[in-house]
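In what follows, a single structure is set out as structure tokens and then discussed.
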């Protein structure tokens, strides 16, 4: 037995021939040694939690989740896990992936390249019954099947005809929260959607199998009932490598990568809002394009690479995509013409626009070449720019075959697709009730982009930036929770109105309980008009025995609920998390989870707090947060004296206790 390692009571072969080959290819591709070591460790963790394909006895639950980050290399772990499975006795590895040809082909190509010692069958390779049966006699082997009802059914039928129930199988469901779940759940009619039913039947067909879900957005999975067969029983957290760029870089407190655009501008890019493209491009999109031209050209001059990408993702409507392509075509034509004629009236305006983009990039990218050099190269490269339409109606591929590559589209630019050398993104998808998992899957700007980070920018409206920021906070809290309780049965996940956790049709409405353990919630700013004066007097009376001279006082959850009910937010600033109905329901739920009505309150008066705060930011300072225990719900409630900002008022902040729970209530306003 080759170099076995003992994990969870089992010996796992970690240097078998298939695993060694995959790791050799990683080394050939220049993957850092520490990244390779981390990938291998996560794959070992997956296999150690699987069934034992030799004895047929389970060492742990036979279903689990590989929880990664967007564009963080989950496919690498999948590939190594498949190789380890082959080296450790699994006869068949089935990889279920996207039904979008672009993504399916991308996955199949990666798997074939890495698992060169295994026969890898594509989605049409089991139609020849005799040939397929011969394959079953030559194990191990890999099947990559798209999540298409017909393809999945034909694969299952082929296994049945071959009477292959006795072979051991590792079923890896990539992007498991998409298509795999039952889209009939919310109707409560006991019906099952076709793809979900076939995957369920495939899982049930093999006597010895492990089902591994893989996704960076497990909201829909964790919101299934605790006993549901598609709720993972264990979770393996995939950690990104050192060059990964994600939510913190874009949406952390000190980010310099975000550029605000007017939400109304995005609406101007709808085909229905203009009769025809006239070459007049919205201000934010024009700035984004100039930023891309300057950043990409600087990188080319510095010798980093020869091709770079720009992404425009604002709609799912094909008419809008065509409209934007024509608009950018006309912008390109106009800019080329102006650059070719330095005496043109608008030449100086164009140079000023490029200078503005250059000055902004210089804040984050030291050592930029002189602007004059960049302008000369833009003049040379711009004519050859590729502007590609990427949607269901197009046949274009996401390939970098020019110095400047501009991709315009919708869903095909979303989940799973990798855009190499992406520098600038212009994002404007703005549904009324966005799903947090869908929005996160649109984060194509995430990935291993540290080398390009200085010239990377994201242009989007403030409202959408707030959505991404909340989602980033939710994701961080959820991953922290899973790290502490990888096999825990927690309640759900942190999500806020107007965001929804996921598609409602895959959730049982009776099981959905929005707040995370250890998290905060406060109004952005309290209402300070005379209308709240009666409520302020009520709170004054309720808190008159609570002293400012103690760090905190023990009280009850019932008291916290009464205080929350008496505190209104200022509609000028709005509220998403500070929803009284949801907050009170969350506190009621906590009382049940903790089986205790205990709570804490910290009261301070005459506090001069006049600036709005984000709903998860709070207004505490100087270590006040650490003065109150974290084993029960807490309200920090501070009284503001009358000022130019308005009447005297109480400003509350709720802090949820630590624990292995997350609450996700989906009440409407």
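Derivation of every value follows stated rules applied to the coordinates shown; laboratory data play no part. These figures come from a predicted structure and were not determined experimentally. Counting neighbours? That spans all protein chains shown, and the Cβs are built from the backbone with ideal geometry, glycine included.
Before moving on, here are some points about what is shown:
- Put simply, when 235-245, 72-82, 528-538 are sorted by average Cβ atoms within 10 angstrom per residue, most first, you get 72-82, 235-245, 528-538.
- √(5λ) per eigenvalue of the Cα gyration tensor, the chain, largest first, Å: 43, 38, 22
- Helical contribution to [θ] at 222 nm, DSSP H n ≥ 4, -39,500 (n - 2.57), averaged over the chain, rounded to 500: -11000 deg cm²/dmol
- Averaging 1/r over each pair of different alpha-carbon atoms in region 515-663 and inverting the result gives 15.3 Å, the Kirkwood hydrodynamic radius.
- Förster radius 22 Å - calculated FRET efficiency between residue 643 and residue 562 (Cβ-Cβ, nearest 0.05): 0.25
- Site pair residue 37 and residue 192 shows an inter-label distance of 4.5 nm when each label is modelled 7 Å from Cα along Cα→Cβ.
- Residue list for region 300-325, given a label point 7 angstrom along the Cα-to-Cβ vector of residue 268 and an amide N cut-off under 19 Å: 312-315, 320-325
- Label-to-label distance, nm, for residues given as residue 110 and residue 133 (7 Å Cα→Cβ offset): 3.6 nm
- Note on residue 346 and residue 554: the model spin-label points, each 7 Å out from Cα along the C-beta direction, lie 7.2 nm apart.
- If R0 equals 60 Å, the separation of the Cβ atoms of residue 333 and residue 207 corresponds to a calculated FRET efficiency of about 0.40.
- Normalised by 2.2 N^0.38 Å, where N is the number of residues, the C-alpha radius of gyration of region 244-460 stands at 0.97.
- The distance linking region 591-652 with region 293-327 is 46 Å (Cα centroid to Cα centroid, whole angstrom).
- Extension gain (nm, one decimal) between residue 25 and residue 317, 0.36 nm per residue minus Cα-Cα: 101.1 nm
- Peptides 309-315, 625-631 ranked from most to least packed, by the mean per-residue count of other Cβ atoms within 10 Å: 309-315, 625-631.
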